[in-house]
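Trainee: Before anything else, here's the structure in question.
The values are calculated or read from the model by the stated rules, or taken from the named source; none is laboratory data. Quick caveat, the model's predicted, so the values are computed rather than measured. Here the Cβ positions follow ideal geometry from the backbone for every residue, glycine too, while neighbour counts run over all protein chains shown. These area figures cover heavy atoms from the full protein model, side chains too; ligands, DNA and RNA do not enter into them. Shrake-Rupley method; radii C 1.70, N 1.55, O 1.52, S 1.80 Å.
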Amino acid sequence: MPLLQTLSPNARGIIATCLAMVGFIGTDSCIKLASDELPVSQMLALRGIAILAILVALAVATGAYKRLPTFKDRAVGMRAGAECVATVLYYNAIIAIPIASANAVLQMIPLAIVAVAALVFGEKVGWRRWLIILVGFGGVLLVIQPGGDSFQPASLWAVGAMIFYVLRDMTTRTIDRSLPAISINLVTSASVMMLGFAMAPFEDWVTPSPQSLALLGAAACFLTLGYLAVTVAMRTGDVSVSSPFRYSIVLWALLIDLFVFGNQPNTLMLVGIAILVGSGIAMVLRERQVRRTQGS
């Protein structure tokens, strides 16, 4: 678009990041609405069919189908496996608890990635970043409130999803950079879809209504938007500038919870969300400072 071309790379990166967050929270909202009628496995399968149709069309249009992962690309398979487990856990979470609560737990992912990079891969992490990680973990505890009257055991689904999303993102770092993002997402989406069909014998499938099919179609479109926009954001401008705008999803989650589902967060949860967002932004700024220091 001519208008976007006049913007700086950082501005385009920020817009892409915000669009990605709209895509992801839109997917969550559609899934939660459709869950009133459909089980998780059926939603995964039907949503997967729609996403695959979109991604195959994009792969053909862009030529990405010419470079598909092979059995040698084991990291792609590991990424798909982690995505499968994380998706099932997260969908169970957003069905049982407010979207804002489940989504807030996922804001720990960037902090957890830094911790894993230090503990597993030996990356140097100073005391300031460790402090930010610990503060962020405290925010998660305030959101899920274990031991309190407001604690919902289903919050642990979100914690489990967060762990597997971290595994997915860490695995993504090891994937051959020559593989197009669409090709990688094709494998991931196909794996999640097949998992849905594999789970079918353990859940009672129903004939979906036109409304549920429309919601799943919308979820597929939103998720495709999220995948593609976040790829553009990662490749446009300075990631450290656009990354803080990932937390716009928290605002969307709170508004959707309030006005669509009628869920109002308590004070402790709001404080926890604020701590998580603040910790995430602080980590982005700190890593940016570290890179500048190392580059000087």
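Trainee: Please go through segment 19-52 and pick out each residue that is in contact (Cβ under 8 Å) with a residue 24 or more places away in the chain, open to solvent by 50 Å² or more (accessible area, probe 1.4 Å) and over 17 Å from the mean Cα position of the chain (by Cα).
Mentor: Leu33, Glu37, Ile49
Trainee: When you scan segment 1-13, how many residues do you find that are open to solvent by 20 Å² or more (accessible area, probe 1.4 Å) and part of a helix (DSSP H, G or I)? Let's see the steps before the verdict.
Mentor: Here is the first cut: in segment 1-13, the ones open to solvent by 20 Å² or more (accessible area, probe 1.4 Å) are 1-12.
Next, from what is left, pick out any that are part of a helix (DSSP H, G or I): 2-5, 9-12.
Summing the residues that are open to solvent by 20 Å² or more (accessible area, probe 1.4 Å) and part of a helix (DSSP H, G or I) in segment 1-13 gives 8.
Trainee: On the basis of being in contact (Cβ under 8 Å) with a residue 24 or more places away in the chain, among the basic types (Lys, Arg) and open to solvent by 60 Å² or more (accessible area, probe 1.4 Å), does Arg246 make the cut?
Mentor: yes
Trainee: Which residues, taken from segment 176-228, are in contact (Cβ under 8 Å) with a residue 24 or more places away in the chain, closer than 24 Å to Arg74 by Cα and part of a loop (DSSP other than H, G, I, E, B)?
Mentor: Asp176, Ser178, Leu179, Pro180
Trainee: Going by what's in this entry, would Leu215 be described as open to solvent by 50 Å² or more (accessible area, probe 1.4 Å) and within 24 Å of Ser35 (Cβ to Cβ)? Before the answer, list the steps.
Mentor: Numbers: open to solvent by 50 Å² or more (accessible area, probe 1.4 Å): no; within 24 Å of Ser35 (Cβ to Cβ): yes.
Answer is no for this residue.
Trainee: Restricting attention to segment 160-170, does a residue exist that is touching a helix residue (DSSP H, G or I) at 6+ places or on another chain (Cβ under 9 Å), buried (at least 18 other Cβ atoms within 10 Å of the Cβ) and not in a helix (DSSP H, G or I)?
Mentor: no
Trainee: Here is a check on your reading of the model: is Ile275 open to solvent by 30 Å² or more (accessible area, probe 1.4 Å), modelled with pLDDT under 95, within 30 Å of Lys124 (Cβ to Cβ) and of a type in the set (Val, Ile, Thr)? First the steps, then the outcome.
Mentor: Working: open to solvent by 30 Å² or more (accessible area, probe 1.4 Å): yes; modelled with pLDDT under 95: yes; within 30 Å of Lys124 (Cβ to Cβ): yes; of a type in the set (Val, Ile, Thr): yes.
Yes: the conditions hold for Ile275.
For every residue, the table says whether it meets (1) touching a Phe, Trp or Tyr at 6+ places or on another chain (Cβ under 7 Å); (2) under 23 Å from Leu195 (Cα atoms); (3) at pLDDT 90 or above.
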{"residue": "Met78", "(1), (2), (3)": "no, yes, yes"}
{"residue": "Val116", "(1), (2), (3)": "no, no, no"}
{"residue": "Phe121", "(1), (2), (3)": "no, no, no"}
{"residue": "Val135", "(1), (2), (3)": "no, no, yes"}
{"residue": "Val140", "(1), (2), (3)": "no, no, yes"}
{"residue": "Ser150", "(1), (2), (3)": "no, no, no"}
{"residue": "Gly160", "(1), (2), (3)": "no, yes, yes"}
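Trainee: Which of the residues belonging to segment 118-139 are assigned to a helix (DSSP H, G or I) and surrounded by 16 or more Cβ atoms within 10 Å (Cβ to Cβ)?
Mentor: Quick first cut of segment 118-139, residues assigned to a helix (DSSP H, G or I) only: 118-119, 127-139.
Matches in segment 118-139: Ala118, Arg129, Ile132, Ile133, Val135, Gly136, Phe137, Gly139.
Trainee: Inspect segment 60-83 for any residue being within 23 Å of Ala253 (Cβ to Cβ), open to solvent by 20 Å² or more (accessible area, probe 1.4 Å), among the hydrophobic types (A, V, I, L, M, F, W, C) and touching a helix residue (DSSP H, G or I) at 6+ places or on another chain (Cβ under 6 Å) and give the result as yes or no.
Mentor: no
Trainee: Continuing with the same structure: When you go through Ala86, Ala96, Ala102 one by one, which is the residue that is touching a residue at least 12 places away in the same chain (Cβ under 8 Å) and touching a Lys or Arg at 6+ places or on another chain (Cβ under 9 Å)?
Mentor: Details: Ala96 fails: touching a Lys or Arg at 6+ places or on another chain (Cβ under 9 Å); Ala102 fails: touching a Lys or Arg at 6+ places or on another chain (Cβ under 9 Å).
After ruling out the rest, the residue left standing is Ala86.
Trainee: Quick check: anything in segment 219-235 exposed (fewer than 15 other Cβ atoms within 10 Å of the Cβ) and among the hydrophobic types (A, V, I, L, M, F, W, C)?
Mentor: From segment 219-235, those exposed (fewer than 15 other Cβ atoms within 10 Å of the Cβ) are 235; that's our starting set.
Add one more test, that the residue is among the hydrophobic types (A, V, I, L, M, F, W, C), and what stays is none.
Looking through segment 219-235, none of the residues is exposed (fewer than 15 other Cβ atoms within 10 Å of the Cβ) and among the hydrophobic types (A, V, I, L, M, F, W, C).
Trainee: Test Ala16 against the criterion of being at pLDDT below 90, open to solvent by less than 20 Å² (accessible area, probe 1.4 Å), within 24 Å of Phe245 (Cα to Cα) and of a type in the set (A, V, I, L, M, F, W, C), and give yes or no. Break it down stepwise before answering.
Mentor: Working: at pLDDT below 90: yes; open to solvent by less than 20 Å² (accessible area, probe 1.4 Å): yes; within 24 Å of Phe245 (Cα to Cα): yes; of a type in the set (A, V, I, L, M, F, W, C): yes.
The answer is yes for Ala16.
Trainee: Answer yes or no as to whether Val260 is surrounded by fewer than 17 Cβ atoms within 10 Å (Cβ to Cβ) and over 17 Å from Gln107 (Cα atoms). Can you show your working first?
Mentor: Working: surrounded by fewer than 17 Cβ atoms within 10 Å (Cβ to Cβ): yes; over 17 Å from Gln107 (Cα atoms): yes.
When the stated conditions are applied, Val260 passes them.
Trainee: Residue under question is Val241, and the condition is that it be within 28 Å of Asn263 (Cα to Cα) and within 21 Å of the chain's Cα centre (by Cα); does it hold? Steps first, please.
Mentor: Details: within 28 Å of Asn263 (Cα to Cα): no; within 21 Å of the chain's Cα centre (by Cα): yes.
Against the criterion (within 28 Å of Asn263 (Cα to Cα) and within 21 Å of the chain's Cα centre (by Cα)), Val241 does not qualify.
Trainee: Please go through segment 128-178 and give me each residue that is polar (S, T, N, Q) and under 18 Å from Ile113 (Cβ atoms), ordered by number. Please lay out each step first, then the result.
Mentor: To start, the set of residues in segment 128-178 that are polar (S, T, N, Q) comprises 145, 150, 152, 155, 171-172, 174, 178.
Within segment 128-178, Thr171, Thr172, Thr174 qualify.
Trainee: What is the one condition in (1) in contact (Cβ under 8 Å) with a residue 60 or more places away in the chain; (2) outside any loop (DSSP other than H, G, I, E, B); (3) open to solvent by less than 40 Å² (accessible area, probe 1.4 Å); (4) not aromatic (Phe, Trp, Tyr) that Leu142 does not satisfy?
Mentor: (3)
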